[in-house]
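What follows is a set of notes on a single structure, which appears directly below.
What follows draws every value from the coordinates through simple rules; no lab data is involved. A quick note: this is a predicted structure, and the numbers were derived from the prediction, not measured. Cβ atoms come from the backbone with ideal geometry, glycine included; neighbour counts cover every protein chain shown.
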Amino acid sequence: MRIIPLIAFSFLALPAVQAFDDRLLYSKPKGESMTAFRKSHSFVKSCETWKPARKEGLTFRGYTFVPGDYTGKHKNSEALIACSWYDPSDSNPNPPPITFTEQIAKQLGAKAKED
């Protein structure tokens with residue numbers, strides 16, 4: 001019976017894990033293919049080089065671009081997207097993301113979808 005308190009204590013000793021899902025659902029801009037929206041001149045490039053983030057001294061963290069909605073449907077017209085940066089001066093070892101997804105999508109002509 002001494003093993004039960006040991007198991008309970010081991011769960012208390014586990015560190016807290018922090019996860020973010022900052023993906024937003026958008027329809028691709030009219031007249032643009034999903035490939036063009038993702039790659040060449042659109043979302044990915046804009047995310048990686050977003051001037052307002054650079055002006056604030058932020059560091060690029062990454063992007064997410066998954067064609068389709070939350071169920072995997074509508075892969076030719078919708079995508080789950082996110083553009084994340086972080087503040088390098090944040091003392092947190094895993095600083096929270098600072099996202100520019102909505103601003104970039106709006107600039108590109110993508111439309112937010114209702115959940």
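Using only alpha-carbon positions, what ratio does the radius of gyration of the range 21-112 give when scaled by 2.2 N^0.38 Å? Kindly include the intermediate steps, with their values, before the conclusion.
Details: Rg = 13.4 Å, N = 92, 2.2 N^0.38 = 12.3 Å.
Compactness ratio reported: 1.10.
What Kirkwood Rh does the range 74-115 have if only Cα atoms enter the pairwise 1/r average? Answer in Å.
Details: mean 1/r = 0.0814 Å⁻¹.
Every distinct Cα pair counted, the radius reaches 12.3 Å.
Report the calculated FRET efficiency for Lys51 and Asp22 (r = Cβ-Cβ distance, R0 = 30 Å), to the nearest 0.05. Once rounded, the FRET efficiency stands at 0.90.
Given Lys75/Lys111; Lys51/Lys106; Lys28/Lys55; Lys55/Lys75; Lys51/Lys75, which pairs have Cα atoms separated by over 25 Å?
Working: Lys75/Lys111 15 Å; Lys51/Lys106 15 Å; Lys28/Lys55 27 Å; Lys55/Lys75 34 Å; Lys51/Lys75 29 Å.
Beyond 25 Å between Cα atoms: Lys28/Lys55; Lys55/Lys75; Lys51/Lys75.
Give me Cys47, Cys83 sorted ascending by neighbouring Cβ count inside 10 Å, so fewest comes first.
Working: Cys47 25, Cys83 28.
Arranged by neighbour count, lowest to highest, Cys47, Cys83 become Cys47, Cys83.
Under the criterion of Cα pairs below 8 Å and six or more residues apart, the relative contact order for the range 21-112 equals 37 percent.
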